[in-house]
Ligand code: GLA
């Protein structure tokens with residue numbers, strides 16, 4: 001019998017592009033996960049059920065999904081007997097729900113095969129594969145939440161100390177994620193550009209990272225990071241007192257800041273958030289993840305979620321001629 005290892009994707013409720021500025025983020029792990037099963041093999045081999053492909057791992061990157069497998073196997077599988085890894089993911093690929101972190105974390109657990117590892121060490125080593133082997137200069141949010149997610153809770157992560165605490169979520173609402181079904185070509189290069197712009201702004205403002213900036217000096221990227229960090233903490237306070245209205249307003253404000261100051265939104269995401277803002281049962285909505293396509297998340301009164309799903313689907317189809325996937329996600333446990 002083969003063993004299975006599972007790690008979830010995530011939705012970030014608020015705190016976007018703050019993680020690599022040592023700031024605050026508030027993601028939830030979701031009930032869409034990647035599962036890896038293992039069998040002993042003569043050489044390292046990987047199958048993707050989604051791509052319908054099997055490859056023997058070479059020593060060089062191929063520029064596709066097997067790069068993640070190779071990076072993780074080099075980090076976690078060295079010195080052990082080879083495995084055949086079968087990957088089955090329910091996290092939609094490239095849609096801003098952290099399909100890569102869920103793949104990396106589940107692969108790492110598969111390579112460890114039940115060997116204990118301190119969770120924070122797992123997070124740091126998987127994150128290192130993403131930044132050094134894959135080459136995306138991302139923050140730590142995605143790997144962190146895939147490991148530390150908790151059912152019914154959001155996780156407030158201080159990306160400077162890498163400590164977190166669980167935030168209870170109000171009852172009576174649904175987290176409705178709407179996938180634009182687009183990923184604009186510039187997404188990865190623009191991400192790297194934003195990381196570099198933030199470093200320039202931090203230097204100009206005389207701080208080590210934008211986490212410590214208090215005034216933006218008229219610099220829009222810095223203004224987003226400063227205001228977004230404040231919004232995360234306000235959102236947590238609103239969560240704790242069950243103030244859905246305030247939570248929703250902060251989500252809309254976050255989207256506006258990402259659109260105007262940080263410039264990582266796109267017409268499809270703006271349309272979804274605008275539609276949500278006109279729907280009576282919606283408290284708030286925003287883009288989630290890196291941007292330039294991917295998903296928007298709406299905080300919707302539980303009784304209105306089905307009607308919202310239909311309305312937004314029809315509207316998006318009418319405007320862009322494609323059907324958005326809608327996921328009504330549940331805050332879930334991290335990897336196992
Ligand atoms: C991507 C990155 C994360 C984070 C978000 C934006 O998902 O992987 O580290 O920076 O974008 O908040």
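Coordinate-derived values only; no laboratory data. Since we're looking at a predicted model, the values are computed, not measured. Glycine also receives a Cβ, built like all others from the backbone with ideal geometry; neighbour counts cover every protein chain displayed.
At-a-glance table
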read-out: Anisotropy class of the range 68-207 from Cα gyration tensor, a/c 1.5 cut; value: rounded
read-out: Cα-based shape type of the range 232-336, given that a ≥ b ≥ c are square roots of the gyration tensor eigenvalues and the cut on a/c is 1.5; value: rounded
read-out: Crossing angle, helix 99-112 versus the chain [Cα axis fit, 0-90 degrees, rounded to tens]; value: 30 degrees
read-out: Fewest-first sequence of 287, 181 by Cβ atoms within 10 Å of each Cβ; value: 181, 287
read-out: FRET efficiency estimate (nearest 0.05) - Cβ-Cβ, residue 54 to residue 115, R0 30 angstrom; value: 0.70
read-out: Protection proxy ranking of 24-33, 191-200 - average other beta-carbon atoms within 10 Å, highest first; value: 24-33, 191-200
read-out: Within a Gaussian network of the chain (alpha carbon springs, distance under 10 Å), most fluctuating of 136, 57, 186; value: 186
read-out: Rounded tilt (10° steps) of 267-277 against the dominant C-alpha axis of the chain; value: 60 degrees
read-out: Using alpha-carbon coordinates, inclination of helix 220-240 to the longest axis of the chain, degrees; value: 90 degrees
read-out: Sequence ranges 255-262, 117-124, ranked by mean other-Cβ count within 10 angstrom, highest first; value: 255-262, 117-124
read-out: Spherically averaged projected area in nm², based on the convex hull that wraps the Cα atoms of the range 36-129; value: 6.0 nm²
read-out: Segments 42-51, 242-251, 290-299 sorted - mean Cβ within 10 Å per residue, highest first; value: 290-299, 242-251, 42-51
